[in-house]
1. Ranking request for peptides 233-245, 268-280: highest mean number of other beta-carbon atoms within 10 Å first, then the rest in descending order.
2. Find, among the trypsin sites (Lys or Arg not before Pro) in the stretch 100-166, those assigned to loop by DSSP (not H, G, I, E, B) with at most 13 other beta-carbon atoms within 10 angstrom.
3. Probe radius 1.4 Å, ligands and nucleic acids ignored: give me the carbon and sulfur share of the accessible area of the stretch 142-221 as a rounded percent.
4. Probe of 1.4 angstrom, ligands and nucleic acids ignored: what's the accessible area per residue over the stretch 103-186, in square angstrom?
5. Can you work out the base-10 log of I(q)/I(0) for the stretch 110-159 at q = 0.17, 0.28 1/Å, using the Debye formula on its C-alpha atoms alone?
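The values are calculated or read from the model by the stated rules, or taken from the named source; none is laboratory data. What you see is a predicted model; the values in this text were computed from it and never measured. Please note: Cβ atoms are built from the backbone with ideal geometry, for glycine as well, and neighbour counts cover all protein chains shown. For the accessible areas, the whole protein counts, side chains as well, though only heavy atoms, and no ligand, DNA or RNA atoms are used. Shrake-Rupley method; radii C 1.70, N 1.55, O 1.52, S 1.80 Å.
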Amino acid sequence: MRRKKYEDEIRWLSGKMDEEFALLTEDIHRFEDNIPSEKIYAKINHRIRWRNIRTRGLRMAAVLIPLIALTVFYNYVNNRVPLFNNEEMVEIQVPRGECMQFMFQDGSRVYLEPATKLRYPKNFALGERRVCLDGAGYFIVEKNEKRPFIVNLSGGQVFVTGTSFELEARRDKRKIRLALDEGKVDFKAETGERYALDPGDRMIYDKIDHLCTITHHHEPRSLSAWKNNIITFCDTHITDALEKLERWYDVCFEIGEEGVNIYSLTMSVNGSLDSSLQEISKVAPIVFTVKDNKHILVELKK
């Protein structure tokens, strides 16, 4: 009796489980039929493709952005300070009878004598400041030991870190003259010899004999007084003095007697040409006769 009752309960329980399973299966099929599986799949694929595109874009940007930034930085720096020494050069020509004052982009200045040529880059290079001089000038250089200031000459170079000095070097003249007011400069000849100057030193270098003479002056600034239109002669041979006056006043001297060549001048002149010639006649037995506006005859006093 009990056994039969137990079996009936088992059959009833099994039947209820079958019914519940059938209902559950029916709900599952109904749920699957309501899900838009194709739309979801398409949407997932779209997101995957967009994510791949974005990943590739980020990778390309990671490569391109530094290159673009580097290019922009290079152009910015190179426009201000060329990284290489291929910068276009500019030339200044000071005519006879005129002087000129010029300031470089680093703040350095130069006073140029008449009949002088100066070549310089539009922008100094990153490692140096280099110019070329054919003539005479007084330089006031801003100090920068990491970017030395170099003056190229016919017959040598002058290396500067920050100083004031007078320099005369002409291609058609055999002597280079260098006078230091402040700081320190080194002159390097074409033969390789180097000469260091201290304030007050005056150097004369012969490009043909390769001889260098350095003397010391207690008043070195008197040598550069021409910046204030004062022309100074210091034991200067008369022919050299007349050549200087030719450049300053745009005239031409004609020496009429050989006896004129024995004299040298130690003096200063300023003002007009007439007043300068009168001052010279006071210290040397020389007379000047103006033939026209440009030509002047030089003779000994009778």
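1. Final packing ranking: 233-245, 268-280.
2. Details: sites: R109, K117, R119, K122, R129, R130, K143, K146; in loops: K122, K143, K146.
Passing sites in the stretch 100-166 are K122, K143, K146.
3. Numbers: 1890 of 4260 Å².
Carbon with sulfur: 44 percent of the solvent-accessible area.
4. 38 Å²
5. Result of the Debye calculation: -0.51, -1.23.
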